[in-house]
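Asker: Below is the structure I would like to discuss, written out as structure tokens.
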Amino acid sequence: MSFDVAEATIDQMQAAMASGETTSRGLVLQYLARIAASDKDGLTLNSVLELNPDALFIADSLDAERSRTGPRSPLHGIPVLLKDNIDTGDQMHTSAGSLALAQSFAPRDARLVKGLRAAGAVILGKANMTEFANFMTAGMPTGYSSRGGQVLNPYNLSAATGGSSAGSAVAVACSFCAAAVGTETSGSILNPAGRNSVVGLKPTVGLVSRSGIIPISRSQDTAGPMARTVRDAALLLNAMTGSDEEDPATAAAGPLPADYSAFLDPDGLKGARIGIPRDYYFEEVEEERRGLFDRAVERMKELGAVIVDPADIPTSRQILYSSVLLNEFKNGLEHYLSRLGPGAPVRTLGEIIAFNHAHPLEALRYGQSLLLDAEYRTSGSLTETAYLRDRLTDLKLCRTEGIDAVMRDHRLAALLFPADFGSRIAARAGYPSLIVPAGRTAEGVPFGVTFTARAYEEPLLFRLAYAFELHTQARAVPSLKSFL
């Protein structure tokens, strides 16, 4: 079998399996070889935290099923990695990169994992991540966890990977898997996707069930697909969505598209009114990245987009510190821990803090200031006046008087941001964003542009991003040849 998984799309893998050129087992073996050569040796990128001991057996069963009845879906036999805060009810741990949870086994699959398995995906393993999704301490490098160590950027080993879904982004970029699932509270999919030249979707909160995911914030958390192409991200999302009685937010979505890839349109930018919020969001964007952004905008104009520049968000400078994450973290984490069963290694946030204090050399390289703040400055009951005020303010400034207002006033389809600079306002609004590659700096570090829309407008985001991707082909492939 001569099929090569490097940069292969899901459609190409399906065609190769249909023709007999390869099998699901063959795909898994190739990914394992690439992980061994460049993630655990060679560059030692450290993006994969744990592998599924049953991956080959699952692949074999799916190959046999294909021969009997054909594929279940476009994901049949496709190897996928999950961020290490997503539950799998199998022999893999779910730890959020924490040593305190290093021996924690989830009692069942997260709802999104059930969807992936039902579609025929092979859960290849767990990806490394910034510990507790970067809500452990101030100053921790993105991509670092006590359990997994530091994830490295394959495009420039001295550059940041972005966080907290660093392992997911790097593994996708390096073809250590076909696609991966990350999670985002505020930038944790968009940031590493942009820095590793992959596509990342942060969905509307509630489009993908939040049950079975180690949380930070009930009001902002969501899982989302990370892939090398927009189409692959859409195919992955198809299997991740759906109602869940354990997550009431999923009921608000209403009827969902059966296939997000149906919205991909080569002419998707033609006539689309896209606004650029210049005020505030470009203050920290270096000149070189501004140039990459401006070239992306010019290409969109050539493809028929109507660019409204500037389309400033009136509340941008009013969106300051919010206590929402700090208050919701303790409440959500302890609810998650309570569902692990009697064999759980820790049952409360206080026990995690105590474990870390007892193992300072291994667990406290960068401290645990945020864990301490959540434990001792919040009740976990979500009754604090500051929390309630901040939650209402976030919705007002970010949604009603923020994104909704600018899009209404300028009659926009979407907003466009450099890299992940709009992630905070979109996250607090609960709105979707999709980042797509748009070039690289002179130092080789990838750069992306982010489309943001209103709730449940993922079809629009896929349409816009697909057209941009198709006509720019800006994804960069990391060089791993000397280690393969």
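Every number in this text was worked out from the coordinates using simple rules, so none of it is lab data. Treat the numbers as computed from the prediction; the structure is a model and nothing was measured. As a convention, Cβ positions derive from the backbone with ideal geometry for all residues, glycine included, and neighbour counts pool all protein chains shown.
Asker: List, in order, the whole-Hz ³J(HN,Hα) value for each residue of the stretch 465-471 obtained from phi through the Karplus relation with A = 6.51, B = -1.76, C = 1.60 and θ = phi - 60°; use x for Gly and Pro.
Answerer: So the Karplus estimates, Gly and Pro as x, are 5, 5, 4, 5, 4, 4, 9 Hz.
Asker: Here's a follow-up. What FRET efficiency comes out for ALA64 versus TYR376 if R0 is 35 angstrom and r is the Cβ-Cβ distance? Round to the nearest 0.05.
Answerer: Here the calculated transfer efficiency is 0.05.
Asker: Follow-up question, since we're still on this one. Which Rg and Dmax, in Å, describe the Cα atoms of the stretch 10-483?
Answerer: 21.0, 62
Asker: Using the eigenvalues of the Cα gyration tensor, what equivalent ellipsoid semi-axes result for the stretch 105-223 when each is taken as the square root of five times the eigenvalue, whole Å, largest first?
Answerer: They are 22, 17, 14 Å, listed from largest to smallest.
Asker: Something else: Taking only the alpha carbons of the stretch 38-153, what extent do you get along each of the three principal axes, in Å, biggest first?
Answerer: 53, 34, 21
Asker: Also, quick follow-up: What is the magnitude of the charge dipole of the stretch 1-122 about its Cα centre, with +1 placed on the Cβ of each Lys and Arg, -1 on the Cβ of each Asp and Glu, and no other charges, expressed in debye to the nearest 20?
Answerer: Computed charge dipole of the stretch 1-122: roughly 360 debye.
Asker: What list do you get for THR94, THR400, THR441 if you sort them by fewest beta carbons within 10 Å?
Answerer: THR400, THR441, THR94
Asker: Please arrange GLU443, GLU401 by counting, for each residue, the other beta carbons lying within 10 Å of its beta carbon, fewest first.
Answerer: GLU443, GLU401
Asker: Shifting gears a bit: Could you work out how much longer the chain between ARG317 and LEU56 gets when fully extended? Use 0.36 nm per residue separation minus the Cα distance between them, nm to one decimal.
Answerer: Numbers: separation 261, 0.36 × 261 = 93.96 nm, distance 5.17 nm.
Once the chain is fully extended between ARG317 and LEU56, it gains 88.8 nm.
Asker: Starting from the stretch 3-78, pick out the trypsin sites (Lys or Arg not before Pro) whose DSSP state is loop and whose Cβ has at most 15 other Cβ atoms within 10 Å.
Answerer: The qualifying sites are LYS40.
Asker: Using 29 Å as the Cα-Cα cut-off, could you pick out the over-long pairs in LYS83/LYS270; LYS126/LYS270; LYS126/LYS202; LYS40/LYS83?
Answerer: Result: LYS83/LYS270; LYS126/LYS270 exceed 29 Å.
Asker: Here is a further query. Based on alpha-carbon centroids, what's the gap between the stretch 231-261 and the stretch 1-37 in Å, whole number please?
Answerer: Answer, in whole Å: 27.
Asker: Let me ask another. Expressed as a whole number of Å, what is the distance separating the alpha-carbon centroids of the stretch 319-333 and the stretch 89-135?
Answerer: Between the Cα centre of the stretch 89-135 and that of the stretch 319-333, the gap is 23 Å.
Asker: Write down the Å³ per residue value for the convex hull defined by the alpha carbon atoms of the stretch 201-345.
Answerer: In the stretch 201-345, the Cα convex hull volume per residue is 185 Å³.
Asker: Still on this structure, please answer the following. Which GluC sites (Glu not before Pro) from the stretch 1-87 combine a DSSP loop assignment with at most 15 other Cβ atoms within 10 Å?
Answerer: Numbers: sites: GLU7, GLU21, GLU50, GLU65; in loops: GLU7, GLU21.
Counting only loop positions with at most 15 other Cβ atoms within 10 Å, the GluC sites (Glu not before Pro) in the stretch 1-87 are GLU7, GLU21.
Asker: Separate question: Could you state the orientation-averaged shadow area of the convex hull built on the Cα atoms of the stretch 294-334, in nm² to one decimal? Let's see the in-between values first.
Answerer: On the way: hull surface 21.8 nm².
Convex hull of Cα atoms, orientation-averaged projection: 5.5 nm².
Asker: To continue, here is another question. Taking the number of other C-beta atoms within 10 Å as the exposure measure, put SER243, SER165, SER316, SER158 in order starting with the fewest. Provide the component values of the computation, followed by the final result.
Answerer: Numbers: SER243 16, SER165 41, SER316 19, SER158 8.
Listing SER243, SER165, SER316, SER158 from fewest to most nearby Cβ atoms yields SER158, SER243, SER316, SER165.
Asker: Hey, got the dipole for the chain? About the Cα centre, +1 on K and R Cβ, -1 on D and E Cβ, debye to the nearest 20?
Answerer: In total the dipole reaches around 240 debye.
Asker: What residue among TYR366, THR400, ALA354 has its Cα farthest toward the positive end of the dipole of the stretch 346-431, where the charges are +1 on Lys, Arg and -1 on Asp, Glu, each on the Cβ?
Answerer: THR400
Asker: Given the stretch 10-483, what percent of its DSSP beta bridges are antiparallel, to the nearest 5?
Answerer: Approximately 65 percent, going by the DSSP bridge assignments.
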